[in-house]
Amino acid sequence: MSERRRFAVHGVVQGVGFRPFVYVTATALGLTGSVANDAEGVIIEVEGADAALDELARRLHADAPPLATVTSVDSESIEGCGGTGFVIGATQGGDRARTLASPDVATCADCLRELVDPGDRRYRHPFITCTNCGPRFTIMTALPYDRATTTMAGFPMCPACRREYDNPRDRRFHAQPIGCHDCGPHLELITPGAESVTGQLAVNATRMALRDGAIVAVKGIGGYHLACDAGNEQAVAELRTRKRRGDKPFAVMVVDLATADELVHIDDAERTLLGGARRPIVLLARRPSAAIAESVAPGNPDLGVMLPYTPMHTLLFGIDGDEQGPRALVMTSGNLGGEPIVYDDAEALHRLGALADGWLRHDRPIEVPCDDSVVRVVDGAELAVRRSRGYAPLPVALPFAVPSTLAVGADLKSTCCVAEGRYAWLSQHVGDMDDLATVQAFGAAEKHLELLTGVVPDQLVADAHPGYHSSAWARAHAAGRLVHTVQHHHAHVAAVMAEHGLDGTAPVIGISFDGTGYGDDGAVWGGEVLLADYKDFRRVAHLAYVPLAGGDASVLRPYRMALAHLRAAGVNWDTALPGDTTLASVAACPPAERDVLAHQLDTGFGCVPTSSMGRLFDAVASLLGVRHAVDYEAQAAIELEGLARGINSSDGGSGYGFDCAADVFDAASVIRSIVADLSAGVDTATIAARFHAGVARLVGELAGRARADGGPDTVVLSGGVFQNVVLLRAARHALREQGFTVLVPTQLPPNDGGLALGQVLIAAAG
Ligand SMILES: [Zn+2]
Ligand SMILES: [Zn+2]
């Protein structure tokens, strides 16, 4: 039996080699017909034997190219029209593009082979790509994805590249960014006071400069990195000084997995991520023997490691025949302090002028900046910390259709999200909305996202915080559209519900632990138990309020939070410890500040009540002498986790107990136990482990109470505090032991970087 069928394929199917895949598959099955892109995805019309048509339908799912994500295939019988051969139709425009754009992809194995093959015409071509790899998101200026709508539009193909591009059987068929030594972009090394050098000479000179301790701005896929030899303490310390970076860790790019193995412990799941197509920075436990400069990640138990993801990176480390340079490079975003990453060439010379000794750059423009992504692996599953390059703009499939919406997230780790129908798209990481440059970058990222998705938002959603820059941005750009506001922790819980495909008909127990979020009562929330669906939430319990004195002052100086918690627990600040020493937090607080703080805590002057779990972690870190002042978010908690990791979980026992009343759980008893252990001379690592175990047990107790009050069996863990792997593991274990279904963030970060998705769903349900 012969018949003609029409398949409509939806998902990430454009710019990923899908049409050639269909061409090759259909012709191999003896089918005739055509394949074309349209505004909704890929349309295939094929005619032939029933069995062959069924087989094609199967292979569309089973054998799709590695970068494709097929979300659905609709199939219908249509009238046969005979014909011979199979054609690839041109892209059909549409007034609304709804095909899904691909993220940027690391160099594939085939291209790497050609890169190092002296017989290949692209030997050492720093921009080698094919249908399976290379830049996408950061070079796309519009949809549909075509050479003309990328920043490669200004590079006319040479005849040899054109032949590959036009040949459906070539692995570069319609690979929009292709080029070669003759027609592709070029490299250039600019060094002040010296002649600029180009091509392979530029790469070699950069490698030697890095070996000799220089700091070089290197233009990559989504912006400029600042690079230096990760083994050279002087160079790394100099970079830290020039960048005014404080202690925030630098990521390291290593030449290969073997080198990574020498620096950090890597399990199978982590190895797959490190070498995979997305190529994020993976946070990995460092080996004590790691030959890495101390200044790379001071005080941090982990090292952020990534592998080269562009051909230029591979050449920078050197291939056969090259003089050797460093095997591990610090590769940190090219920016100053908290500014957005630099991606424009002129701006790089200007803004990085005082930071870099040289600029290795190329002439392929970057349309939008995109930082490296950061992930951890917990029990074999990915936990996003920063979702950006390699992930954006992959869509999140939604549990129900939503109106066209723009959600603007919060002010820290800012991302935005556009959604319509059954899809939501989160932007790349933009940064903290505390300076004008970031707010401008946010606007640019939002515009680009609308362009690539075709979503024209009818409504906006923002955090309920009256003082957030993101909320102000939403009001300023509303242009008459409705701006919903959403409670911070409700959005955290909803984001995880959405990621797991919950349709919201049944509520969940949402446990949201983070640093800061505006509460309905005007307090700073952050230790919350919510009974929530998308429509609404009820706050069933929270961490007992303590005064947050002087706002940011107490966020940046954890000893102030420790003193507030000590006072709330009725512990005298003068408590003597063995050896006639005082509590570390008390010693860290200058006497004059101590007096003012005591007065503030007594009178409530300049204080806001807070239930923040993040601040409790800060307080404990200070009490243990781990960290009294921070210069990046969660620094104290990260170092406290590092201390606890050295202890077997069983040595932490069941942990310190919180006082749990009907709707409040109080840390006072925990604080008193910690001081008692300090007085008894218990080592701080054990105390840190007992604290983590206590918070995990608390999570189990809170969920158990909520269920006993008629709550559901499903618990959502959300909020930045759950980036803590020791806590996340133990809390999940405690919940599973009680038979709960536990949902945790995986694809989206538990921190505010994932918040916008939750805002979309809440606005849609409300
Ligand atoms: Zn490739
Ligand atoms: Zn060419």
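Remarks
- Among residues of region 117-157 being in contact (Cβ under 8 Å) with a residue 24 or more places away in the chain and among the aromatic types (Phe, Trp, Tyr), the one that is surrounded by the most Cβ atoms within 10 Å (Cβ to Cβ) is Phe137.
- Among residues of region 164-190, those that are open to solvent by 50 Å² or more (accessible area, probe 1.4 Å) and within 24 Å of Pro365 (Cβ to Cβ), counted: 5
- Among residues of region 421-446 that are part of a strand (DSSP E or B), those with a Cβ under 7 angstrom from a residue that is open to solvent by 40 Å² or more (accessible area, probe 1.4 Å), sequence gap 6+ or separate chain, pair up as Gly421/Ala401; Arg422/Ala397; Arg422/Ala401; Tyr423/Ala397; Gly431/Gly338.
- Leading residue by the ranking (nearest to Asp666 (Cα to Cα)) among those in region 562-592 that are open to solvent by 30 Å² or more (accessible area, probe 1.4 Å), without any contact (Cβ under 8 Å) to a residue 40 or more places away in the chain and part of a helix (DSSP H, G or I): Arg567
- Residue count for region 391-417 under the criterion of being open to solvent by less than 10 Å² (accessible area, probe 1.4 Å), of a type in the set (Gly, Ala, Ser) and not in a loop (DSSP other than H, G, I, E, B): the result is 3.
- Checking each residue in region 104-157 for being under 20 Å from Arg389 (Cα atoms) and of a type in the set (Ser, Thr, Tyr) picks out Thr107, Thr129, Thr131, Thr138, Thr141, Tyr145, Thr149, Thr150, Thr151.
- Unique residue being modelled with pLDDT under 85 and not in a loop (DSSP other than H, G, I, E, B) when the list is Val24, Val16, Val42: Val24
- Some residue of region 675-690 being open to solvent by less than 10 Å² (accessible area, probe 1.4 Å), touching a strand residue (DSSP E or B) at 6+ places or on another chain (Cβ under 8 Å) and either of a type in the set (Gly, Ala, Ser) or at pLDDT below 95 (or both): no
- In a residue-by-residue description of region 163-172, the property of being in contact (Cβ under 8 Å) with a residue 60 or more places away in the chain and hydroxyl-bearing (Ser, Thr, Tyr) applies to no position.
- Of everything in region 238-254 that is out of contact with any Gly (no Cβ under 8 Å at 6 or more places or on another chain) and more than 24 Å from Leu189 (Cβ to Cβ), the residue that is least open to solvent (accessible area, probe 1.4 Å) is Gly246.
- Here Arg113 meets each of (1) away from ligand 2 (no atom under 11 Å from the Cβ); (2) in contact (Cβ under 8 Å) with a residue 12 or more places away in the chain; (3) more than 23 Å from Leu210 (Cβ to Cβ) with one exception, condition (2).
- Against the list (1) within 16 Å of ligand 2 (Cβ to nearest atom); (2) part of a loop (DSSP other than H, G, I, E, B), the condition Leu143 fails is (1).
- Contacts under 8 angstrom Cβ, first residue in region 707-736 being among the charged types (D, E, K, R) and open to solvent by less than 10 Å² (accessible area, probe 1.4 Å), partner part of a helix (DSSP H, G or I) and modelled with pLDDT of 95 or more, 6 or more apart: none
- When Arg163 is tested against (1) in a helix (DSSP H, G or I); (2) of a type outside the set (A, V, I, L, M); (3) within 16 Å of ligand 1 (Cβ to nearest atom), only condition (3) is not met.
- When we screen Ser654, Ser673 for residues that are under 35 Å from the mean Cα position of the chain (by Cα) and not aliphatic (A, V, I, L, M), the only hit is Ser654.
The values are calculated or read from the model by the stated rules, or taken from the named source; none is laboratory data. Not measured: the values here are computed from a predicted model. Note that we place each Cβ from the backbone using ideal geometry, even for glycine, and neighbour counts take in every protein chain shown. The protein model used for the area step is the full one, side chains on, heavy atoms only, and it has no ligands, DNA or RNA in it. Shrake-Rupley method; radii C 1.70, N 1.55, O 1.52, S 1.80 Å.
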